[in-house]
Each structure stands twice: as C-alpha cells, then as structure tokens.
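Attaching a single structure in structure tokens format; questions to follow.
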Amino acid sequence: MSWVDLHSHSTVSDGSFPPEAVVRMAANAGLDALALTDHDNIGGVAAALKTGRLEGILVVPGVEISAEFQRGTCHILGYFFDPSDAALREKLDTLQRARAERNPKIAMKLQNLGIDITYKEVQAVAGSEQVGRPHFARVLMDKGIVKDFNEAFDRFLGKDKAAYVDKFRYRPEEAFAMIQGAGGVAVLAHPYTLNLSDEELAALLKQWVEWGLKGMEVFYPDHTEEMIARYERIADTLGLIKTGGSDFHGNNKEGSVLGDCGPRGCPSMDVVKQLKQAP
Ligand code: AMP
Ligand code: FE
Ligand code: FE
Ligand code: ZN
C-alpha cells in the first residue's frame, strides 16, 4: 500500500528542519509522496521538488494559507499550483508583509506583560526565515516562562490571549481563488479548528464548494476515529477529496511525526491523483 503525507512545515515557515531535510526524512520513512505546506510561503517548494527528485519521492508543491474566520482558525491548503505564478506570489508577499508587521507587536505585548524578551531573540530562534508564533513559544519555553507549547498558546499566543495580535488575512474565497488562479487545488485543513458544529460545517462547506473548494483534510493527528467518520460523511456528501497529513513541524510542535496522520493513518497515492486531476 502506498501512503502519502500532505501537510508539513519547514524552516521556511515554523518547522524546525529545512525543506531538503523534511523531504529526506519523508523518503527515509518510506512515504511515497510528501507535500511541503509552509504557512503563507512557497519559498521552500523549489528545493523540496529538487530533493524529491534526488531521493526518489514525489514532492507535491503546497502552501497553507491562513484565512479570515471569526469563529475559529481557518487554514486553506493549496496543492499543485504553479510556483512561478505572479499573482499567487504577490498575494503571498502581502501575507508575509502582514506577518512581519505583526510579529514585533507580539514581542511588545509580551514586554508590556513584564516578560524579558526581545524580538531579536525570537528572530534568532527562527533562523533567517519567516517568524511565527511557535518561535515565540520556543523562546518563552527556553526562558522557563512556560513549560510547553500548549501553555505558551493558552496563556499568551493563542487567539485573543494576552499577547495575541491579529494580522491581515484574505477571506477563504480569496484563498481558493489565489490557489485556483495558479492552477492549484484548495483543501480545507484540520476542519475542527473552525469551531463549528457538524451542521454548521456542512452548510458552510456547501457554499465553499461552489466557491472552488475541492477537498478536506479528513486524516489528521488531532482527529479522533469518531471525528474522522463524521468528516468522511460530510466530504462524501459534498464530493470533497478526503486528504490527510501530519502537520509535521519538527521540534516546533509537540508530538508531530512525519507520516503520522492520526488514528486511521495517512491517505494513499490515490488521493494525490485525485488532487492532480481535480478540475
Ligand atoms: P502564526 O502563523 O505565526 O500565526 O502561528 C500559527 C501557528 O502556531 C500554527 O500553524 C501552529 O503551528 C501553531 N499553533 C497555533 N495554536 C497552537 C497551539 N494551541 N498549540 C501549539 N501550537 C499552536
Ligand atoms: Fe504552524
Ligand atoms: Fe494549520
Ligand atoms: Zn500546518
């Protein structure tokens, strides 16, 4: 049986390993395909594709776009887009600028809470690439202010917590359009973070399918068997492709293991074919 991991992060966003290393680890784990899906950034895709060719593993160009959604967290995965598409790159640039404006404000909020932290320290932890909240969490842990990522997000970094700062996001339909405009397919990541009931989710997705959504991440480490069964039903009703991934972040996310897509395991290569052939 083939198996694929369609959700992973590198140092280009908030993962702890460079794109080349993530691809090598996926090949060593025996995965047949890997999608690199850095947050709002496709800077690692070229290196990942190249390493994939060397290591003999199929690498799917990917991205995970943070979209606007009041009730919870909305992440839209994009696959098989053209990485050189100018419009997509420009929109991702806008998101990267919004992030760069937000980040120092988080540091300031933490300072105002009496925490001894500088934005330079956070940048150092992130390396040369894009800074994300897990990097703040890492510094808070290193300083002994929190014991783990959960506490960092629960007390300071999570939505509406003490050091939370909002940033510009595109609406979900704009995310679908930017992915589709570049020849790619849009998939809803970890649907539970939208914070909706099954009825609400089904109704919303019906609209989103009309707007271009093609798939939903059904297989995911945080999903229970029961959640997977519910999401499968909703996906089948709406004709959505059932994808899955580990959301691997290396050491920047507790318990994320490449190739661990939750209780039902990772999807097969068939899902990659479905994504590639999606109209
Ligand atoms: P950012 O894109 O910089 O706003 O950071 C969001 C990232 O933080 C997510 O993609 C996760 O990697 C991480 N994250 C969000 N919430 C939590 C949480 N409660 N615990 C651990 N990591 C989280
Ligand atoms: Fe992340
Ligand atoms: Fe996500
Ligand atoms: Zn992710």
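Coordinate-derived values only; no laboratory data. As the structure is a prediction and not an experimental result, all values here were calculated from the model. Virtual Cβ from ideal backbone geometry, glycine too; neighbours counted across all protein chains shown.
Calculate the all-directions average of the projected area of the range 93-157's alpha-carbon convex hull, and give it in nm².
Values: hull surface 16.6 nm².
One quarter of the hull surface, i.e. the mean projection, equals 4.1 nm².
May I ask you to list the GluC sites (Glu not before Pro) in the range 191-279 that are in a DSSP loop and have at most 12 other Cβ atoms within 10 Å of their Cβ?
On the way: sites: E199, E200, E210, E217, E225, E226, E232, E254; in loops: E254.
Passing both the DSSP loop test and the Cβ count: E254.
Same structure, new question: To the nearest 20 debye, what is the magnitude of the charge dipole of the chain about its Cα centre, counting +1 on the Cβ of each Lys and Arg and -1 on the Cβ of each Asp and Glu?
The dipole magnitude comes to about 520 debye.
Still on this structure, I have one more. Using a Förster distance of 25 Å, how high is the FRET efficiency between A86 and W211, based on the Cβ-Cβ distance and rounded to 0.05?
On the way: r = 22 Å, r/R0 = 0.90.
It comes to 0.65.
Now a separate question. Quick one: order C261, C266 by neighbouring beta-carbon count within 10 Å, fewest to most. Mind dumping the intermediate values first?
Details: C261 28, C266 25.
Listed from fewest to most nearby Cβ atoms, that is C266, C261.
Which translational diffusion coefficient, to the nearest whole µm²/s, is obtained for the chain from the Stokes-Einstein equation, given a Kirkwood hydrodynamic radius over C-alpha pairs, 25 °C and 0.890 mPa s?
Numbers: Rh = 18.9 Å.
The estimated diffusion coefficient comes to 130 µm²/s.
Quick one: which of K91/K273; K143/K167; K253/K273; K242/K276; K214/K242; K206/K273 span more than 18 angstrom between C-alpha atoms?
Details: K91/K273 27 Å; K143/K167 26 Å; K253/K273 29 Å; K242/K276 13 Å; K214/K242 9 Å; K206/K273 23 Å.
Over 18 Å Cα-Cα: K91/K273; K143/K167; K253/K273; K206/K273.
Still on this model: Give the aspartates and glutamates reachable from K50 as a straight Cα distance under 14 Å; neighbours fewer than 8 places away on the same chain don't count.
Answer for K50, where 14 Å is the Cα cut-off: E20, listed by chain and number.
Taking the Cα centre as origin and putting +1 on Lys and Arg beta-carbons and -1 on Asp and Glu beta-carbons, what dipole magnitude results for the range 93-157, to the nearest 20 debye?
Working: 11 positive and 9 negative charges, 35 e Å.
The dipole magnitude comes to about 160 debye.
Considering only G44, I106, G250, whose Cα is most displaced toward the positive end of the charge dipole of the chain, charges sitting on Cβ of Lys, Arg (+1) and Asp, Glu (-1)?
I106
Also, I was wondering about something else. How far is it, in nm, from the label point at L54 to the one at S268 when both lie 7 Å from their Cα along the line to the Cβ?
Simple spin-label model gives 3.2 nm for this pair.
Give the order of L6, L213, L258 when sorted by the count of other beta carbons within 10 angstrom, beginning with the fewest. Before the final figure, lay out each step's value.
On the way: L6 29, L213 26, L258 22.
By the 10 Å Cβ count, ascending, the order reads L258, L213, L6.
What nm distance separates the two modelled labels at D198 and F168, each placed 7 Å from Cα along Cα→Cβ?
4.0 nm
Ranking T51, T224 by Cβ neighbours within 10 Å, fewest first, what do you get?
On the way: T51 23, T224 12.
Neighbour counts put them in this order, fewest first: T224, T51.
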